[in-house]
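Values quoted throughout were computed directly from the atomic coordinates according to the rules given, and no laboratory measurement underlies them. Note that this is a predicted model, so its numbers are computed, not measured. We place every Cβ from the backbone using ideal geometry, glycine too, and count neighbours over all the protein chains shown.
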Amino acid sequence: MRYLGDRLAAHGVRVRGVKLAGHAGLPEELGAVSYDNWYESVVNGLEDLRQYSEPTVVVGLSMGAVLSARLAADQGESVAGVAMLAAGIFSADVNQHCAAGIARRARFSDGKDLPV
């Protein structure tokens, strides 16, 4: 993810990498946190970006992709788009529900609906 963030930043995109709770430390630290702690990490990352008043697109890999989808569904218009890389979701019902929820809430910065 760091490589992707670095490449985007090199092209002038504002990037905020989020270290999920319990990650990048000792294995014991990861064992002491849960999915809710990880979600809190991404919510805090979004809060950091709100100060710039720019459209925010969230990108996540694997579990981060699932967290990104939840963030978009929960935060509505605060998230302009989602890129889910190797998402850990497999269910036609879940995929349809997530896509519909994201499409309903996400908007371009000019207020128009995202094409689905």
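Taking 0.36 nm per residue of sequence separation and subtracting the Cα-Cα distance, how much length would be gained by fully extending the chain between SER53 and HIS23, in nm to one decimal? Intermediate results must be reported in sequence, preceding the final value.
Values: separation 30, 0.36 × 30 = 10.80 nm, distance 2.85 nm.
Fully extending the segment from SER53 to HIS23 adds 7.9 nm.
Each residue of the stretch 53-68 in turn: what ³J(HN,Hα) in whole Hz from Karplus with 6.51, -1.76, 1.60 and θ = phi - 60°, glycine and Pro shown as x?
6, 10, x, 10, 10, 9, 10, x, 10, 6, 4, x, 5, 5, 4, 5
Report the calculated FRET efficiency for ASP36 and HIS11 (r = Cβ-Cβ distance, R0 = 35 Å), to the nearest 0.05. Walk me through the numbers on the way to the answer.
Working: r = 34 Å, r/R0 = 0.97.
Computed FRET efficiency for ASP36 and HIS11: 0.55.
With a 10 Å Cβ neighbour count serving as the proxy for reagent exposure, in which order, fewest first, do ARG16, ARG2 appear?
Details: ARG16 14, ARG2 8.
Lowest count first: ARG2, ARG16.
What is the order of VAL13, VAL59, fewest Cβ neighbours within 10 Å to most? Kindly include the intermediate steps, with their values, before the conclusion.
On the way: VAL13 11, VAL59 18.
So the ranking, lowest neighbour count to highest, is VAL13, VAL59.
Are there any chymotrypsin sites (Phe, Trp or Tyr not before Pro) in the stretch 1-75 that are in a DSSP loop and have at most 12 other Cβ atoms within 10 Å? List them by number. Walk me through the intermediate numbers first.
Details: sites: TYR3, TYR35, TRP38, TYR39, TYR52; in loops: TYR52.
Answer by residue number: TYR52.
Count the net charge of all other residues whose Cβ sits under 14 Å from the Cβ of TYR52, scoring Lys and Arg as +1 and Asp and Glu as -1.
Details: positive: ARG14, ARG16, ARG50; negative: GLU47, ASP48, GLU54.
Charge balance in the 14 Å sphere: 0.
If you build the Cα gyration tensor of the stretch 2-53 and take the root of 5 times each eigenvalue, what three semi-axes come out, in whole angstrom, biggest first?
Details: eigenvalues 124, 45, 7 Å².
So the equivalent ellipsoid measures 25, 15, 6 Å along its semi-axes.
Fewest to most neighbouring Cβ within 10 Å: what's the order for MET84, MET1?
On the way: MET84 21, MET1 14.
Ranking MET84, MET1 by Cβ neighbours within 10 Å, fewest first, gives MET1, MET84.
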